[in-house]
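Working notes, beginning with the structure itself.
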Amino acid sequence: MSRMALEGLRIIDLSQAWAGPYATKLLGDMGAEIIKVEAARRMDSTRGAVRVPPGIQWGLYPNKEPGERPYNRAGYFNKYGRNKCGITLDLTAEKGKEVFKRLVKVSDVVVENFAAGVMTRLGLDYPVLREVKPDIIMVCMPAMGMTGPEKDYVGYGVTIEQLAGLVSITGYLGDVPMKSGINYGDPIAGIAAAGYLLAAISYRLRTGKGQLIDISQRETTATLIGDTIMDYSMNKRVQTHMGNRHPSLAPHGCYRCQGEDMWVTIAVGSDAEWQALCRVMGKPELGRDERFADVLSRHRNQDELDAIIGEWTKERDHYEVMHSLQSAGVMAGAVLNPQEVVEDPHLDARGFYEEVDHPEAGSYRYAGPSWKLSKTPGGIHKPAPCLGEHNDYVYRDILGMSEQEVAELAEAGIISNIPIEQTL
């Protein structure tokens, strides 16, 4: 088996929810050893509840069954926890802090996405960890960054989108702003964190020096709307939401197709593409219609244009529309629902999905890495950890602790493989 790109890199992952775990998931896919640290009294929030009342669906569970230990079966956690070792460690206890520092000493990176100031209050911020290991790299991912007048604000992706300006340009014409639906602030910050961390690793290889990486989730999300920021900077123009339309292309929209809630998107980028669309629709005369003769005319008459296209698409399968238009050189994409994405033949042909067998959640297909390295291929080499699953490996094999030392940590409630005093 080929070595993976980041093999030999050890990352301590204190992050929770989505942004931080997404970053470390990307690095774990490429072979980094990720040690996920949770407190048994405060698990990662994506593990969900310790117990779920009968008849209540609290998160995504296999076959909709929480089981006896739902925190080990939670879909969100198992998705982003793959390729990671999992330990429990109470960082509020002095002994827990001491053990954490020992782990830092034999690691390369620490990643956390708590609110600004949490690690300082724990006595485990960058200046402290740098004393433990001078070349440590620390990634901090608070919502607003580590400095500034709003640094103490907390937030999830749903609030980050608003503060970054993204929601001001999403929504239908004449309607209220609408959030994206998936909270882009989290994955965008996660992708950025992974990239910046690799840059810091490269710097350390050249200089031997570590550093602190301060990532504002708000700022990374704001980069998604760079064109609107530039428009205001240059023209003092405030862009607003325009639904599925485009400021210069027409037609440009999402059209209903045959079947329940089936759609296709179509974007025409030139007069030649417009003529091609007319031919595929069996209406070549529209290409000569003065209402749609050029992009400016089409832009002025988009309501009529969308109605004509919608009448054609509603009688056809969304895949059929996509393939016929793509073959004619017109940009089009079927809007796939989750089932269609999972069963998509193109993704299958590329080996995108990988079967992962989790000891408590069972065997399911997972989305694999979205890039392919020819010399150092990554992939999913182990499932997400059950709570505290790798305590023995980390504390005994990596840190060299004795059986008695580990037992004392467990007796004091500093480590555990079951939740402690956790309530719904």
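Where a number appears in this text, it was derived from the coordinates with a stated rule and is not lab data. Quantities reported herein were computed from a predicted structural model and do not represent experimental measurements. Because the Cβ atoms are built from the backbone with ideal geometry, glycine has one as well, and the counts that use them run over all protein chains shown.
Around His358, which amide H atoms from residues at least 5 apart in sequence, or from another chain, sit under 5 Å from its own amide H, with H modelled in the peptide plane?
Ser363, Tyr364
Highest mean first, how do 240-253, 396-409 rank when packing is the count of other Cβ atoms within 10 Å averaged over residues?
The densest-packed peptide leads the list: 240-253, 396-409.
Provide Val106, Val52, Val37 in ascending order of the number of other Cβ atoms located within 10 Å of each residue's Cβ, fewest first.
Listing Val106, Val52, Val37 from fewest to most nearby Cβ atoms yields Val106, Val52, Val37.
Peptides 347-358, 132-143, 306-317: what's the order by average Cβ count within 10 Å, highest mean first?
132-143, 306-317, 347-358
Which of Leu277, Leu103 comes first, and how do the rest follow, when ranked by fewest Cβ neighbours within 10 Å?
Leu103, Leu277
Using alpha-carbon positions, what is the distance between the centroids of the stretch 272-331 and the stretch 202-231, in Å?
Value for the Cα centre distance between the two parts: 41 Å.
Would you compute the Debye intensity of the stretch 262-336 from its alpha-carbon atoms alone, equal scatterers and no solvent, and pass along log10 I(q)/I(0) at q = 0.26 Å⁻¹ to two decimals?
-1.35
Angle, helix 19-29 long axis vs. longest principal axis of the chain, Cα atoms, 0 to 90°, nearest 10?
Once rounded, the angle reads 80 degrees.
If I fit a long axis through the Cα atoms of helix 271-280 and take the longest principal axis of the Cα atoms of the chain, what angle between them do I get, 0 to 90°, rounded to 10?
Approximately 80 degrees, to the nearest 10.
Which residues in the stretch 343-363 have a backbone N closer than 19 Å to a point placed 7 Å from the Cα of Asp392 along the Cα-to-Cβ line?
Once the point is set 7 Å along Cα→Cβ of Asp392, 359-360 turn out to lie under 19 Å by backbone N, inside the stretch 343-363.
How tilted is helix 302-313 with respect to the longest principal axis of the chain? Cα atoms for both, answer in degrees (0 to 90, nearest 10).
80 degrees
Please compute the contact order of the chain in relative form: average sequence separation of alpha-carbon pairs under 8 Å and at least six residues apart, divided by the residue count, as a percent.
21 percent
Along the charge dipole of the chain, Cβ charges K/R +1 and D/E -1, which of Leu60, Ala328, Asn391 sits furthest on the positive end?
Going by the charge dipole, the pick is Asn391.
Give the lysines whose C-alpha is closer than 20 Å to that of Lys95, dropping any in the same chain fewer than 8 places away, or say none.
Result set, ordered by chain and number: Lys36, Lys105, Lys133.
If amide hydrogens are placed 1.01 Å from N in the peptide plane, which non-local residues have theirs closer than 5 Å to the one on Phe114?
Met141
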